[in-house]
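The values are calculated or read from the model by the stated rules, or taken from the named source; none is laboratory data. This is a predicted model, so every value here is computed, not measured. All Cβ positions, even for glycine, are placed from backbone atoms using ideal geometry, and neighbour counts span all protein chains on display. With ligands, DNA and RNA removed, areas are computed over all heavy atoms of the protein, side chains included. Shrake-Rupley method; radii C 1.70, N 1.55, O 1.52, S 1.80 Å.
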Amino acid sequence: MTLSDSTTSPGANPKPKRSDFLTLLCILTFLSCGISLIDSVTSYTKTEAVARTERIDRPRKVDPNAKPEYFEDRSNSDDPMPGDTEVIRSLAGADFFYGILTLIGAVLMFFQRRVGFYVYVAGVLVGLIAPISVVGISALQTSFGALFSLIFVGLYAYCLREMR
């Protein structure tokens, strides 16, 4: 029996093919994590410039009788991003760990490893809880990526059956 015979034996359990849906989710996560990591590193290394960024207020004409527009901003935008460099660094660090954990989880899931799902969920929890612990509940306004990741948790959970 040769080496090639042992790897192609009919009794061997072949590795299941990764679905296109899981592949798409992983690729979208890779892109999102890459952007998140670049953003967090930039915010951490250029904290002074980020702290000097001015808030732009645009005048809004609000007619209480008018029907709201589809894309109307309904968030509480009275809380601007903090200008304190230490807070910005803390938020950048939290975003960095969120990006790293979700990226590691996505890579593991790309290779169909079930543990990647749990690493991804841990990263999403870091992305939600860490900013709230640093800034308070107003941090949810800037944690859109982590909130969007909750949807991906559900989508990845759908793919758990094809992971080992």
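Overview of results
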item	result
Some residue of the range 134-150 being at pLDDT 95 or above, farther than 17 Å from G34 by Cα and assigned to a helix (DSSP H, G or I)	no
Residue, most open to solvent (accessible area, probe 1.4 Å), within the range 108-119, restricted to residues that are without any contact (Cβ under 8 Å) to a residue 24 or more places away in the chain and among the hydrophobic types (A, V, I, L, M, F, W, C)	F111
Selection from the range 21-66 of residues that are modelled with pLDDT of 95 or more and either open to solvent by 100 Å² or more (accessible area, probe 1.4 Å) or assigned to a loop (DSSP other than H, G, I, E, B) (or both)	L31
Tally, over the range 105-133, of residues that are within 16 Å of L24 (Cβ to Cβ) and not in a helix (DSSP H, G or I)	2
Residue match in the range 88-100 (condition: of a type in the set (D, E, K, R), touching a helix residue (DSSP H, G or I) at 6+ places or on another chain (Cβ under 7 Å), at pLDDT 65 or above and in a helix (DSSP H, G or I))	yes
Residue in the range 143-160 that is in contact with a helix residue (DSSP H, G or I) (Cβ under 8 Å, 6 or more places away or on another chain), free of Cβ contacts under 8 Å to residues at least 12 places away in the same chain and over 17 Å from I27 (Cα atoms) present	no
